Amino acid sequence: MTSIRFLLIKQALQIASLSSSILFVMIQLFILLMPTFQLSLYESLLFISLTFLVVLCTGVWYGNKTGSDLSSRMTDILAGFGQLQNGKYSSRLAVQKEDEIGLVEDGFNDLADQMNGQLKSLQRLVDQNVTMIKQAEQAAMTEERQKIARELHDAVSQQLFALSMLASAAERTASSEPAQAVPLIQKMSVLSVKTLNEMRALLLHLRPMDLQNKSLYTAIFELIAELESRTDVVFEFRFPEDCCLSQGSEEHVYRMVQEVLANCLRHAEAKQVKIAGKVSGNQFSLMIRDDGKGFDPAKKKQTSYGLMTIRERCEEIGGTARLFARVGEGTEWTFHIPCQLSKGDLMNGTNTTWDNG
């Protein structure tokens with residue numbers, strides 16, 4: 001509004017200056033021509049007055065028209081900015097004159113062009129991001145399916161084939177030599193339990209990959225409850241309800257827990273599993289321990305894809321993973337992950353123990 005008043009005052013001063021100049025020239029001409037026309041004093045004053053009125057009316061009319069045009073142009077500019085604010089980036093202004101307002105109109109059009117170009121660039125980026133996200137999701141699904149297919153082929157299908165062979169052998173010997181059929185049936189029982197555990201481990205990979213708007217505590221608790229209802233494994237769960245991790249870190253931790261428990265069901269033959277978490281300072285720690293048969297990590301065949309995946313997930317969120325395993329002594333995973341604490345928690349020295357937060 002200040003700039004509009006300034007322009008109006010400037011325009012009025014220009015009109016007044018022009019009118020004064022015209023009036024001065026008219027008076028000078030009248031003085032020069034007065035002896036020639038031999039006008040009386042009354043006629044001279046009347047001529048001067050009429051000339052002044054004509055110049056004054058012309059100036060008023062021109063000033064009013066100029067002010068009206070200026071006000072209309074400023075109104076158009078304000079309306080144009082309103083359209084830009086509402087997202088109509090195709091709005092443009094007609095440059096009527098090469099004056100100060102014309103510079104503003106040119107600037108407005110340049111700004112609208114830039115915003116329209118940025119909008120199109122942003123739309124292209126959004127489309128590219130959506131495409132990349134879909135491709136990443138599809139790749140993850142394909143990788144997971146291939147992994148499950150490999151495990152089904154390498155483990156479950158072979159175990160089912162072995163079960164069928166044992167069943168055929170037991171059937172042939174049961175009628176003629178029942179005593180020899182007993183060990184075959186016992187092998188079938190052991191192998192069927194192993195196959196069942198393998199299938200339960202594979203089912204863990206079919207669970208949702210994200211937390212589905214649940215906290216990490218709730219998601220792991222529900223996972224454990226489901227496993228307890230389907231297996232004979234006893235779980236001990238001590239975990240802070242607020243582990244102060246970012247959402248992305250929580251999803252990685254959830255997938256790590258899934259992978260560790262899947263390996264436990266598939267290989268450990270454990271009766272008890274302990275899952276404990278704690279927050280200490282700016283670090284979240286997680287421990288998963290089972291009382292299974294354990295294994296020798298130094299053996300190359302035990303360096304499986306699952307173990308590498310667990311370590312890689314932990315490293316992706318800036319954490320460290322340590323595996324302790326020994327034949328006959330079970331398996332223990334320990335994870336240390338940096339967490340996000342609020343300023344108040346840092347000042348108070350937040351510290352929870354393994355005994356649930």
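Using the average count of surrounding beta-carbon atoms within 10 Å as a protection proxy, the listed peptides 261-270, 216-225, 169-178, 184-193 rank, highest first, as 261-270, 216-225, 184-193, 169-178.
You can think of it this way: the chain between Gln123 and Gln96 has 6.4 nm of extra reach, that is 0.36 nm per residue less the Cα-Cα gap. If you plug the beta carbon distance of Met115 and Leu46 into 1/(1 + (r/R0)^6) with R0 = 45 Å, you get a FRET efficiency near 0.15. For the pair Thr309 and Gln212, the difference between a 0.36 nm per residue extended length and the Cα-Cα distance amounts to 32.8 nm.
Distance between the modelled labels on Arg238 and Gln85, one decimal in nanometres: 6.0 nm (7 Å Cα→Cβ projection).
Could you give the nm distance between label points at Val193 and Asp296, where each point is 7 Å from its Cα heading toward the beta carbon? With each label placed 7 Å out from Cα toward Cβ, I get 2.5 nm.
FRET efficiency for the pair Glu228 and Val182, taken as 1/(1 + (r/R0)^6) with r the Cβ-Cβ distance and R0 = 22 Å, rounds to 0.10. The distance between label points at Glu316 and Ser280 comes to 2.7 nm (points 7 Å beyond Cα on the Cα→Cβ vector).
Straightening the chain between Phe324 and Val130 buys 65.7 nm, computed as 0.36 nm per residue apart minus the Cα-Cα spacing.
Since every read-out is calculated from the coordinates, none of them should be taken as a lab result. Note that this is a predicted model, so its numbers are computed, not measured. Heads up, the Cβs are rebuilt from the backbone with ideal geometry, glycines too, and the neighbour counts pull from every protein chain shown.
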